[in-house]
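The values are calculated or read from the model by the stated rules, or taken from the named source; none is laboratory data. In this text the structure is predicted, and so the values were computed from the model without any measurement. So basically every Cβ, Gly included, is an ideal-geometry build from the backbone, and we count neighbours across all protein chains shown.
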Amino acid sequence: MAIDSYITVNVPLREYQLAITKTALFTNTLVALPTGLGKTLIAAVVMYNYFRWFPDGKSLYTNASVNAQFFIRTELQFEP
């Protein structure tokens, strides 16, 4: 990859999640997956990389699920 990026997280990525994450890091991407297949994980990994690349930038993640927000803060230990 042209830009140093991190994809490893403390939960296992499935192959399709890794492929979508790699694509989303460098192109505009809309991820449409059924519930429970890792959209939140993909978003968290992409946002983490953008925070590293652009430390003064802003990122916004919205969802309607308290469970997804809890997952980001506890399992991924993602605190901007």
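Taking the criterion of being modelled with pLDDT of 85 or more, among the β-branched types (V, I, T) and surrounded by 10 or more Cβ atoms within 10 Å (Cβ to Cβ), the residues of the range 23-44 that qualify are T23, T29, V31, I42.
Tell me yes or no: at least one residue of the range 58-76 is assigned to a loop (DSSP other than H, G, I, E, B) and at pLDDT 85 or above. Break it down stepwise before answering.
Going through the range 58-76, the residues assigned to a loop (DSSP other than H, G, I, E, B) turn out to be 58-65, 75-76.
Subsequent filtering for residues that are at pLDDT 85 or above retains none.
No, the conditions are met nowhere in the range 58-76.
Among residues of the range 16-37 that are over 14 Å from Y50 (Cα atoms), those with a beta-carbon under 6 Å from a residue that is of a type in the set (K, R) at least six positions away or on a different chain give the pairs V31/K39; L33/K39.
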